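Colleague: My structure is below; once you've seen it, I'll send some questions.
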Amino acid sequence: MKKKILVTGGAGFIGSHLCKKLLEQNNEVLCLDNYFTGSKMNVLSMLDNPMFELIRHDIVYPYIAEVDEIYNLACPASPIHYQHNPIQTVKISVMGAINMLETAKTTGAKILQASTSEVYGDPKIHPQVESYWGNVNPIGERSCYDEGKRCAETLFMDYHRQCDLKIKIIRIFNTYGPNMHPNDGRVVSNFIVQCLRNEDITIYGDGNQSRSFQYVDDLIEGMVKMMATSDSFIGPVNIGNPNEFTILELAQTVIKLTNSKSKLIFKPLPKDDPQQRRPDISLAKEKLDWSPKIELEEGLKKTIHYFDKLLRNN
Ligand code: NAD
Ligand code: UDP
């Protein structure tokens, strides 16, 4: 059945892939964004589709539309961007969540929150299961994002318990792919752009910290499945690829796939940078019949192809 769907942060990296998928499924999509880290270029190919509507709006302020579903993605996700104006990051996470939950309350829409593995902080349990409460510094430089996202989860749960809202919470682990901004600052886009330009590869710390990298198509499939599944399963559920790599291994793989002459240079490790991260995805497998299909080298090749084209045209 055709649905009217609001995607906040729809002009961002993940949001643009989500809008495309929802249109392919024959839905009407309202894409809301203030272009802080997203861009109209990401949704250019959808602009002439009559089922697609682009709205410039900041979710720190209320926005009401009659919709069936809301995906709440609006929030800068890269540490350099969310730390640029940390007070604004908290406002986006907390006031943005309240505004979108109020929209859901008013219209009866089902609402999904794009939460994050950052709610686990620098985890003491490995791999991370949803029942783990995390190890987050509440007063550090990453706190505006981590605590903002944790508070958003709290709000979603309270609106569910207190107002009977239909909610869904997914915890997304490091995701990469086309439509990331070349200056996004996250590790995959940084390494690919540096390699394609034969510039030094910036390793923060000794590079032995690990992450588990998920290709964006896998995430979108998990996200849409989560929204579609029974209202009784609200999450939180981890959506990520459990294959874990050190940052040094990632750098070596990107050098190999780009045939680059780039050399590694070592920079200070940012404060509170988590040492390791890997999702336990048993719950997603059981409840959503979902697991990621695209492994690192395959996903990196697609992403390298995207950036290669982008950099050649600029
Ligand atoms: P992104 O920065 O590319 O996208 C975020 C989008 O939100 C951008 O288009 C930005 O302009 C928009 N936005 C920011 N503030 C806004 C505001 N006040 N009002 C309206 N729009 C606003 O990042 P992304 O990687 O696509 O992340 C999307 C969501 O997924 C975020 O909520 C992020 O926290 C979450 N997430 C992403 C990852 C990942 O690895 N990419 C991991 C965990 C969680
Ligand atoms: N990182 C790095 N070089 C870069 C960018 C990031 O070594 O140019 C490291 C960063 O310190 C972290 C990991 O890569 O340990 C993942 O960083 P990212 O910002 O992509 O995501 P997050 O830290 O939020 O998981």
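The values are calculated or read from the model by the stated rules, or taken from the named source; none is laboratory data. Given the structure is predicted, the values throughout are model-derived calculations rather than measurements. Neighbour counts run over all protein chains shown; Cβ positions are idealised from the backbone, glycine included. For accessibility, only protein heavy atoms count, side chains too; no ligands or nucleic acids. Shrake-Rupley method; radii C 1.70, N 1.55, O 1.52, S 1.80 Å.
Colleague: Just wondering, is there one or more residues in the stretch 57-65 that are assigned to a helix (DSSP H, G or I), in contact (Cβ under 8 Å) with a residue 40 or more places away in the chain and surrounded by fewer than 23 Cβ atoms within 10 Å (Cβ to Cβ)?
Modeller: no
Colleague: If the Cβ limit is 7 Å and pairs must be 6+ apart or interchain, which residue in the stretch 110-123 that is within 17 Å of L269 (Cα to Cα) pairs with which residue that is hydrophobic (A, V, I, L, M, F, W, C) and more than 7 Å from ligand 1 (Cβ to nearest atom)?
Modeller: G121/V136
Colleague: Anything in the stretch 194-225 that is away from ligand 1 (no atom under 15 Å from the Cβ) and among the hydrophobic types (A, V, I, L, M, F, W, C)? List them, or say none.
Modeller: C195, L196, I201, I203, listed by residue number.
Colleague: Go through the stretch 20-53 residue by residue and tally those that are more than 11 Å from ligand 1 (Cβ to nearest atom) and either part of a strand (DSSP E or B) or buried (at least 24 other Cβ atoms within 10 Å of the Cβ) (or both).
Modeller: Counting residues in the stretch 20-53 that are more than 11 Å from ligand 1 (Cβ to nearest atom) and either part of a strand (DSSP E or B) or buried (at least 24 other Cβ atoms within 10 Å of the Cβ) (or both) gives 6.
Colleague: Among the residues of the stretch 38-55 satisfying the criterion of being over 20 Å from the mean Cα position of the chain (by Cα) and among the charged types (D, E, K, R), which is nearest to ligand 2 (Cβ to nearest atom)?
Modeller: Step by step, filter the stretch 38-55, then rank; the result is E53.
Colleague: Within the stretch 249-271, restricting attention to residues that are buried (at least 17 other Cβ atoms within 10 Å of the Cβ) and within 10 Å of ligand 2 (Cβ to nearest atom), which residue is farthest from Q214 (Cα to Cα)?
Modeller: Residue satisfying both the conditions and the ranking: A251.
Colleague: If you don't mind, another one. Would you confirm, using the coordinates I've provided, whether A114 is away from ligand 2 (no atom under 16 Å from the Cβ) and not β-branched (V, I, T)?
Modeller: On the way: away from ligand 2 (no atom under 16 Å from the Cβ): no; not β-branched (V, I, T): yes.
Here the answer is no, as A114 does not meet what is asked.
Colleague: From the set of residues in the stretch 149-176 that are of a type in the set (K, R) and in contact (Cβ under 8 Å) with a residue 24 or more places away in the chain, which is farthest from ligand 1 (Cβ to nearest atom)?
Modeller: So, considering only residues that are of a type in the set (K, R) and in contact (Cβ under 8 Å) with a residue 24 or more places away in the chain, the one farthest from ligand 1 (Cβ to nearest atom) is K166.
Colleague: Among N243, N238, which is within 16 Å of ligand 2 (Cβ to nearest atom), touching a Phe, Trp or Tyr at 6+ places or on another chain (Cβ under 9 Å), of a type outside the set (D, E) and within 30 Å of A109 (Cβ to Cβ)?
Modeller: Among N243, N238, only N238 is within 16 Å of ligand 2 (Cβ to nearest atom), touching a Phe, Trp or Tyr at 6+ places or on another chain (Cβ under 9 Å), of a type outside the set (D, E) and within 30 Å of A109 (Cβ to Cβ).
Colleague: Also, I was wondering about something else. Among the residues that make up the stretch 154-167, is at least one of them in contact with a strand residue (DSSP E or B) (Cβ under 6 Å, 6 or more places away or on another chain) and of a type in the set (A, V, I, L, M, F, W, C)?
Modeller: yes
Colleague: Filter the stretch 78-95 down to the residues that are open to solvent by 40 Å² or more (accessible area, probe 1.4 Å) and within 7 Å of ligand 1 (Cβ to nearest atom) and list them by number.
Modeller: The one that is open to solvent by 40 Å² or more (accessible area, probe 1.4 Å) and within 7 Å of ligand 1 (Cβ to nearest atom): H81.
Colleague: Looking at the stretch 130-147, I want the residues that are over 18 Å from Q276 (Cβ atoms) and have a partner that is of a type in the set (D, E, K, R) with Cβ atoms under 8 Å, at least 6 apart or on another chain. Which pairs are those?
Modeller: Hits for this filter: P138/E147; E141/K271; E141/D272; Y145/E118.
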